[in-house]
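K.L.:
Below you'll find the structure I mean.
A short reminder: the numbers here are calculations on the coordinates, not readings from a lab. None of the values given here were measured: they were computed from a predicted structure. Cβ atoms come from the backbone with ideal geometry, glycine included; neighbour counts cover every protein chain shown.
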Amino acid sequence: MALGCQDPPRVLYLASELAPWMKTGGLGEVARTLPESLHAAGVDVRVLVPGYAPLLEAFAQVRVRCQIAYPAGVYPALRILETATSTGLPLYIIDCPQFYVRPGSAYQDTQGADFVDNAQRFGLLSYVGAMIGSGANPLPWQPNVLHANDWHCALALAYLRYRLEPRVRTVFTIHNLAFQGLFPGDTLHALGLPPDVLQPNGLEFWGQLSFLKAALLWADRLLTVSPRYAREIQTPEYGCGLDGLLCARGEHLVGILNGIDDRAWNPATDEYLIASYDASCLEAKSINKRALQGRLGLDPRADVPLFAVISRLTHQKGLDLLIEIASAVMALPSQLVVLGHGEPPLEDTFCALAANWPGKIATVLGFDEALAHQIEAGADAFLMPSRYEPCGLNQMYSLRYGTPPVVRGTGGLADTVVDASHVAPGSRGANGFVFEDFSANALMRTMARAVNTYHQPECWQALQRAGMAQDFGWAAAVDRHRAIYSELADVTPGGAQTDLETASRKA
Ligand code: ADP
């Protein structure tokens with residue numbers, strides 16, 4: 001089908017998480033706030049997500065749009081439910097309890113083990129998205145752009161190529177290249193895809209089946225979540241073995257910095273805070289610090305800086321560097337709060353550090369939205385020593401909350417944080433502290449600089465105000481997305497063939 005010349009974009013946005021109902025990190029946050037911002041700007045965008053229990057409970061008022069049974073019974077029968085968020089963003093929910101209603105997170109059971117049927121669970125999400133974007137669309141609404149996110153949705157591109165007749169152009173956003181959706185090659189049968197897909201020019205990756213490759217090969221446009229990360233993933237250091245393929249797609253690969261939800265993350269209106277504040281009354285921030293110290297059992301000291309971490313505790317986040325220098329950091333002197341969950345050895349070590357330094361280090365394991373807000377407001381400085389960071393949201397929240405970030409200069413961190421030494425603090429741009437080498441020494445030197453600056457209140461406040469004055473809203477990203485959608489909606493499906501041939505040779 002040729003789409004009309006002036007066809008306005010109608011976008012089906014496909015994601016495996018949707019905050020606040022299902023969120024394991026930045027993806028869930030972005031999957032709600034970007035479509036909501038696009039919708040508010042007048043774009044006809046609708047979101048398709050799996051029907052996890054919290055979503056089914058939150059949206060009891062739904063309309064059953066259709067029932068689907070996959071031919072040959074590869075997938076269980078399901079229903080598509082239609083509803084809308086409180087801002088009016090249309091939502092399609094895949095009602096398939098057998099796949100999506102179970103204890104744990106979107107991907108793992110309560111013990112932290114991946115669900116054994118994740119290939120099928122997210123193969124189904126991909127399939128339903130592809131179906132809506134095809135001639136077999138069961139809905140009365142026909143998108144002309146399919147925007148899929150991360151490996152969980154990537155197989156939609158394979159279904160559109162091998163199983164269904166496309167009626168859409170496609171956009172795919174890489175939120176984190178390290179998560180590729182790799183499964184044993186014979187999983188292909190359980191996904192209803194033909195065996196010849198599993199070859200180097202297709203979805204084969206070192207003998208395994210890669211969901212992600214489907215999108216990297218066949219999406220019309222590839223996006224990622226910051227300009228720096230878009231460049232980094234085309235290098236061997238950050239390319240996770242896919243840099244050749246990404247270089248080949250370089251012409252169609254763009255980095256667009258994520259925004260933040262500035263209604264939820266605004267210290268002037270944040271309902272989780274003891275005292276609200278803005279750049280004109282930073283004194284109120286110290287009330288939040290005292291309350292946080294009290295809640296966490298930290299010494300009630302105003303004269304030492306309180307550093308904070310809110311993070312998945314994983315290798316990516318580089319917190320092993322912080323563990324290495326913990327004694328020296330305490331000697332600065334300073335305090336530390338860590339809120340996170342993830343790899344058990346990291347969890348155990350941060351608990352041990354808190355036990356070793358009572359009153360100085362506090363560790364809270366788990367996912368706690370309210371505490372995350374209170375930490376952003378109550379801490380003095382925020383730590384992100386990441387090995388790589390596609391965009392990062394927490395450094396932007398920190399800037400907004402007058403909590404200067406101390407970050408490694410990679411990905412979105414490099415795109416949003418400007419080191420205090422590059423320009424005089426408070427002059428245009430400087431808003432935090434950046435180090436380049438991934439080393440404990442570099443982190444230590446940078447934290448020491450931060451402590452030094454903390455003890456010069458005028459300089460510190462100038463840094464705080466510079467960060468708080470920045471605009472991290474979604475407007476710029478909305479404009480860029482709308483332009484890409486409009487460009488794609490104006491042309492006939494099927495333009496990615498030449499990319500496939502070029503890219504596959506280099507993969
Ligand atoms: P990533 O997506 O790699 O986990 P981001 O910085 O992009 O990192 O996004 C992390 C998001 O998850 C932020 O909104 C952050 O506040 C939130 N978050 C991470 N860990 C926790 C936690 N333990 N409790 C509450 N919120 C958390």
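K.L.:
For Val491, list long-range residues whose amide hydrogen, built 1.01 Å from N in the peptide plane, is under 5 Å from its own amide hydrogen.
P.N.:
Residues meeting the amide H criterion: none.
K.L.:
With each pseudo-label sitting 7 Å past Cα toward Cβ, what's the Glu251-Asn356 distance in nm, one decimal?
P.N.:
5.5 nm
K.L.:
Helix hunt in the chain: which complete DSSP H runs extend at least 20 Å axially by C-alpha with mean Kyte-Doolittle at least -1.0?
P.N.:
Once both thresholds are applied, what remains is 26-40, 118-132, 283-296, 440-454, 475-489.
K.L.:
Separate question: Please report, for the Cα atoms of the chain, the Rg to one decimal and the Dmax as a whole number; what are they, in angstrom?
P.N.:
Rg, Dmax (Cα atoms, Å): 23.2, 70.
K.L.:
Is the stretch 130-272 best put as rounded, prolate or oblate by its Cα gyration tensor, with a ≥ b ≥ c the root eigenvalues, rounded for a/c under 1.5, and otherwise prolate when a/b is larger than b/c, oblate when not?
P.N.:
Cα axes put the stretch 130-272 in the oblate bin.
K.L.:
Same structure again: Apply 1/(1 + (r/R0)^6) to the Cβ-Cβ distance of Cys281 and Arg301, taking R0 = 25 Å, and write down the FRET efficiency to the nearest 0.05.
P.N.:
That pair, Cys281 with Arg301, gives E of 0.70.
K.L.:
Right, here's the next one. Sort His341, His147, His39, His152 by Cβ crowding within 10 Å, fewest neighbours at the top.
P.N.:
Going from sparsest to densest Cβ surroundings: His341, His39, His152, His147.
K.L.:
Using label points projected 7 Å from each Cα along Cα→Cβ, tell me how many nm separate Asn266 and Val64, to one decimal.
P.N.:
Reported label-point gap for Asn266 and Val64 is 4.1 nm.
K.L.:
Compute the convex hull volume of the Cα atoms of the stretch 282-468, divide it by the residue count, and report the result per residue in Å³ as a whole number.
P.N.:
In the stretch 282-468, the Cα convex hull volume per residue is 97 Å³.
K.L.:
Give the order of Asp95, Asp44 when sorted by the count of other beta carbons within 10 angstrom, beginning with the fewest.
P.N.:
Asp44, Asp95
K.L.:
Restricting to DSSP H runs of at least four residues, report the calculated mean residue ellipticity at 222 nm for the chain, -39500 (n - 2.57) per run over all residues, nearest 500 deg cm²/dmol.
P.N.:
Per the formula, -10500 deg cm²/dmol.
K.L.:
If amide hydrogens are placed 1.01 Å from N in the peptide plane, which non-local residues have theirs closer than 5 Å to the one on Leu306?
P.N.:
Counting only residues 5 or more places away or on other chains, the set is Gln335, Asp380, Ala381.
K.L.:
Still on this structure, please answer the following. What are the ³J(HN,Hα) couplings of the stretch 299-304, residue after residue, when phi is run through the Karplus curve with 6.51, -1.76, 1.60 and θ = phi - 60°? Round to Hz, x for glycine and proline.
P.N.:
Result, ordered by residue: 4, x, 9, 8, 8, 10 Hz.
K.L.:
Identify all lysines with a Cα-Cα distance to Lys213 below 18 Å; exclude those on the same chain that are fewer than 8 residues away in sequence.
P.N.:
Candidates past the 8-residue exclusion: Lys506.
K.L.:
Using label points projected 7 Å from each Cα along Cα→Cβ, tell me how many nm separate Glu458 and Gln470, to one decimal.
P.N.:
The answer from the label model is 2.4 nm.
K.L.:
Fewest first, what order do Ile68, Ile94, Ile274 take by the number of other Cβ atoms within 10 Å?
P.N.:
Lowest count first: Ile274, Ile68, Ile94.
K.L.:
Search the structure for amide H atoms under 5 Å from the amide H of Ser134, placed 1.01 Å from N in the peptide plane, and list their residues when 5 or more places away or on another chain.
P.N.:
Amide H to amide H, under 5 Å and 5 or more residues apart or across chains, Ser134 pairs with Arg167.
K.L.:
For every other residue with a beta carbon closer than 9 angstrom to the beta carbon of Trp474, add +1 if it is Lys or Arg and -1 if Asp or Glu, then tell me the sum.
P.N.:
-3
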